[in-house]
1. In 10 Å bins starting at zero, report the fraction of Cα pairs in segment 40-165 per bin as a rounded %.
2. Would you kindly derive the ³J(HN,Hα) couplings of segment 14-20 from the backbone phi angles with the Karplus curve 6.51 cos²θ - 1.76 cosθ + 1.60 (θ = phi - 60°), listing them in order in whole Hz, with x for Gly and Pro?
3. Can you tell which of Val40, Val107, Val25 shows the greatest fluctuation in a Gaussian network model of the chain with Cα springs below 10 Å?
4. Can you work out the Karplus-derived ³J(HN,Hα) for every residue in segment 144-154? Use 6.51 cos²θ - 1.76 cosθ + 1.60 with θ = phi - 60°, whole Hz, and x for glycine or proline.
5. Suppose only helical runs count, i.e. DSSP H with n ≥ 4. What mean residue ellipticity at 222 nm does that imply for the chain under -39500 (n - 2.57) per run, divided by all residues and rounded to the nearest 500 deg cm²/dmol?
6. Amide H neighbours of Ala152 under 5 Å, at least 5 residues apart or on other chains, H built in the peptide plane: list them.
7. Where does the charge balance sit around Ala152 when Lys and Arg score +1, Asp and Glu -1, over other residues with C-beta under 10 Å from its C-beta?
8. Name the long-range amide H neighbours of Ala89: under 5 Å, sequence gap of 5 or more, or other chain; modelled H, no Pro or chain starts.
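The values are calculated or read from the model by the stated rules, or taken from the named source; none is laboratory data. These figures come from a predicted structure and were not determined experimentally. Because the Cβ atoms are built from the backbone with ideal geometry, glycine has one as well, and the counts that use them run over all protein chains shown. Note: areas computed on protein heavy atoms with side chains; ligands, DNA, RNA excluded. Shrake-Rupley method; radii C 1.70, N 1.55, O 1.52, S 1.80 Å.
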Amino acid sequence: MSLLTPFTTMLDLADGVLTPQRKLVERTLGDMDGMYAVSVPESRRNEVVYRVSEIPVPPAEGNLLSSTTTIEPGTLEGEYHMTKGHFHAKIDRAEIYLTLAGEGRLVMATEDGEPAVEPMGRGTISYVPGGWAHRSVNVGAEPLVFLAAFPADAGYDYETIEEQGFPVLVLERNGAPEVVPNPRYRG
Ligand code: PAN
Ligand code: ZN
């Protein structure tokens, strides 16, 4: 068995920035066209919605992958800024989110279309069991920052969510978050 060398990363608890920064993915509203209830206007396509900084390790069984996500506050016509959301390619792989800053909702769904919504806030540890697609939503006025840890062989299945959506949406109604059925859900 070949061993990895132990290593350390610094995390800024307020904004999720990792030092050294190894792998950074930025998602704009344009990257997410078709995932919100309304289509993304040309004028907002380049707006960054969230950043994911990963601490890469080989995707082997037994390794642990970790990453921070920082979601900027805001909405697209009342639908809060959110991640794309995914099942894990190895669908039974679970995940833990530790929220560091901000206020959010963790929207989850099974393949059968059963929804679950859990609160995210500084100090919450969210457990995403295997078999549940997951998307995080920033419902606050500040960036939502969380650390994720999951098996390195989990992989990502984005296609299912791109095709079906989630069974519920988190919308801003009278300044507060409300969870409503997604009329466009095709599960
Ligand atoms: C997280 C997510 C991250 C971004 O690290 O990958 O929050 O969300 P999307 O991957 O859905 O764009 C995680 O759940 N990893 O498994
Ligand atoms: Zn995941």
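1. Binned Cα distances yield the sequence 13, 44, 35, 8, 0.
2. 7, 10, x, 6, 9, 10, x
3. Of the options given, Val25 has the highest mean-square fluctuation.
4. For segment 144-154, the Karplus-derived couplings read 9, 10, 8, 9, 10, 9, 7, x, 5, 9, 5 Hz, x marking Gly and Pro.
5. The per-residue figure over the chain is -500 deg cm²/dmol.
6. Here Gly62, Asn63, Leu64, Leu65 satisfy the definition.
7. Residues near Ala152 contribute -1 overall.
8. Close amide H contacts, sequence-distant or interchain: Gly155, Tyr156, Asp157.
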